[in-house]
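The next block holds one structure in the form of structure tokens; read it before the comments.
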Amino acid sequence: MTPTSWTHEHQEALATKLAPFAIDGLGLAVSGGSDSLAMLYLIADWASEAGVTVKVATVDHGLRAEAKDEAKLVAEHCRTLGLPHSTLEWRGWDGTGNLQSMARKARISLLADWAKDTGVTRVALAHTMDDVAETFLMRLGRGAGAAGLAKMTESREVSGIEFIRPLMAFRRSELRAYLQERDAAWVEDPSNKDDRFDRVRLRKMLPDLESAGVSVSSIAKSAENLRGVSEALDHYTRAAAEDAVTIEDCNLWLDLARLTQHPAEIQRRLISGAVEWMSPSEYAPRGKSVQRVLAQLEEQEQTVLRGCLFVRVGDRVLVTREFAAVEGLSAAVGEVWDGRWLLRGSVADGAEVRALGPDGLQLCPDWRETGRKRAALLVSPSVWVSGELVSAPLVGKANAITAEPQKHWEDFLQTALSH
């Protein structure tokens, strides 16, 4: 029996979303919750008609005793549908940090690896219109700009795997009604009722917003409209970057005269992108912090923001690493140091890569002849053995050691465009 809540129009809309993916096999991330379980049944029906191979994975984060049973329940649904199922386990939380963020990243990483191992090029996630609205409100509460408030994309690539979201046009209530009529029981995750989480509190507020005329669909529409605004801003951010930003030795140079000719939002994106490119973090710098950088550089020669040093040199600004942020970082030759440099070459046992620092720079009296700024050289990579400097490639003391930049122009552009 076809559920009456899931109309022919619903099925046609879903089929249209899935049509571009009919040429390859499709992976599904199914937790056992209502959204993903509905996706499992809906896509299984579509795939049967379209002749598409479907594989299913459930991630067990190891955070609840019930998780194993929930994975077994999904496996049973898959057995009924004749679909292969895998359970992916994560045991990486040490009790510190943002649990939800870490679990989300681990989930995507596990799914990407699973997809590669099983020959799947795309994995479907069960985000709904409700998720779009909830995410919008969460980011609104954090004072996000157009890019942050914009509707989540319908697809994105992670580690060579395309993750798609085919259910964003549908409400969670529609999917639950579909499952109820199909007599398919889903799992209720207790964390979805835990008021410690922002998303849960906002989810509980949605009915009140609806009664006040602010519906989930209207919020989702605003997010979609802002996606267009964000894309326009991306266009002008790229043009401004090409006009005012250059890269040198994994550092950035900003042309102040050109930068300040652009609107404040474009300036914010470029400064924020520079910091995130130089010193990646889970969250971008806050707008007020970025504005403070530009204001301070009008009155003083240098300032810092989240491990990055801004040094005004005439009409330009050097953006490099703050020495205090890299002073304790070390790596072996052949490993990436500070996310910026890869040093290669033959070295003695016990050699380590670390920032050149003021002590190392003193051992290189001809450093000025390189034309590089002192601030940049202090945080450049060098090789030490038993307290002795054996190589400083950017200062002309290479000694058969090469330094390969790991930060590039396209990386910076992508970072700036994401802010």
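The values are calculated or read from the model by the stated rules, or taken from the named source; none is laboratory data. Remember, it's a predicted structure, so these values are computed and weren't measured experimentally. Because the Cβ atoms are built from the backbone with ideal geometry, glycine has one as well, and the counts that use them run over all protein chains shown. With ligands, DNA and RNA removed, areas are computed over all heavy atoms of the protein, side chains included. Shrake-Rupley method; radii C 1.70, N 1.55, O 1.52, S 1.80 Å.
Suppose R0 equals 51 Å; then what is the FRET efficiency for Lys116 and Thr260 from their Cβ-Cβ distance, rounded to the nearest 0.05? According to the calculation, E is roughly 0.65.
Taking other residues whose beta carbon is less than 13 angstrom from the beta carbon of Ser230, and scoring Lys, Arg as +1 and Asp, Glu as -1, yields +1. Based on alpha-carbon atoms, the Kirkwood radius and the radius of gyration of region 67-165 give Rg/Rh equal to 1.01. The modelled label-to-label distance for the pair Gln291/Val200, using points 7 Å beyond Cα in the direction of Cβ, is 3.5 nm.
The stretch between Val304 and Ser109, if pulled fully straight at 0.36 nm per residue, gains 66.9 nm over its current Cα-Cα span. Residues in region 120-126 carry Karplus couplings, in order, of 9, 9, 9, 10, 8, 10, 9 Hz; the curve used is 6.51 cos²θ - 1.76 cosθ + 1.60 with θ = phi - 60°, and Gly or Pro positions show x.
Accessible area per residue was computed with a 1.4 Å probe on protein heavy atoms; Phe323 scores about 60 Å².
Let me know the Kirkwood hydrodynamic radius for region 188-250, please, with Cα pairs as the basis and the value in Å to one decimal. After inverting the pairwise mean of 1/r, the radius is 15.4 Å. Geometric descriptor of the chain, per residue, is 177 Å³ (volume of the convex hull of the Cα atoms).
Apply 1/(1 + (r/R0)^6) to the Cβ-Cβ distance of Ser386 and Glu327, taking R0 = 25 Å, and write down the FRET efficiency to the nearest 0.05. Let's see the in-between values first.
Details: r = 19 Å, r/R0 = 0.75.
Result of the calculation: an efficiency of 0.85.
Take the alpha-carbon positions of region 288-419, form their convex hull, and give its projected area averaged over all directions (one quarter of the hull surface) in nm². Mind dumping the intermediate values first?
Details: hull surface 36.0 nm².
Projected over every direction and averaged, the Cα hull of region 288-419 covers 9.0 nm².
Label-to-label distance for Gln180 and Ile23 is 4.1 nm, based on points extended 7 Å past Cα in the beta-carbon direction.
Look at the alpha carbon pairs under 8 Å that are at least 6 residues apart: their mean separation over the length of region 241-375 gives a relative contact order of 18 percent.
Between His235 and Thr7, the distance separating the two model label sites (each 7 Å from Cα on the Cα→Cβ line) works out to 3.5 nm.
The angle separating the long axis of helix 99-118 from the principal Cα axis of greatest extent in the chain is about 80 degrees.
Would you kindly calculate the translational diffusion coefficient of region 19-128, applying Stokes-Einstein with the Kirkwood radius from alpha carbon pairs, for 10 °C and a viscosity of 1.306 mPa s, and quote it in µm² s⁻¹ without decimals? Don't jump to the answer; show the numbers that get you there.
Details: Rh = 14.4 Å.
Answer, rounded: 111 µm²/s.
In region 178-315, what is the volume of the convex hull around the alpha carbon atoms, normalised per residue and reported in Å³?
Working: hull volume 27.7 nm³, N = 138.
Spread over its residues, the Cα hull of region 178-315 gives 201 Å³ apiece.
Taking 20 Å as the limit for the C-alpha separation, the pairs Lys373/Lys407; Lys105/Lys193; Lys55/Lys151; Lys204/Lys288; Lys105/Lys204 exceed it in the case of Lys105/Lys193; Lys55/Lys151; Lys204/Lys288; Lys105/Lys204.
Between Asp208 and Leu363, take the C-beta separation as r, use R0 = 41 Å, and let me know the FRET efficiency to the nearest 0.05. Walk me through the numbers before you get to the answer.
On the way: r = 66 Å, r/R0 = 1.62.
For R0 = 41 Å, the calculated efficiency reads 0.05.
Taking every Cα-Cα distance in region 346-419 and sorting them into 10 Å bins from zero, the calculated P(r) comes out as 18, 44, 25, 12, 1 percent.
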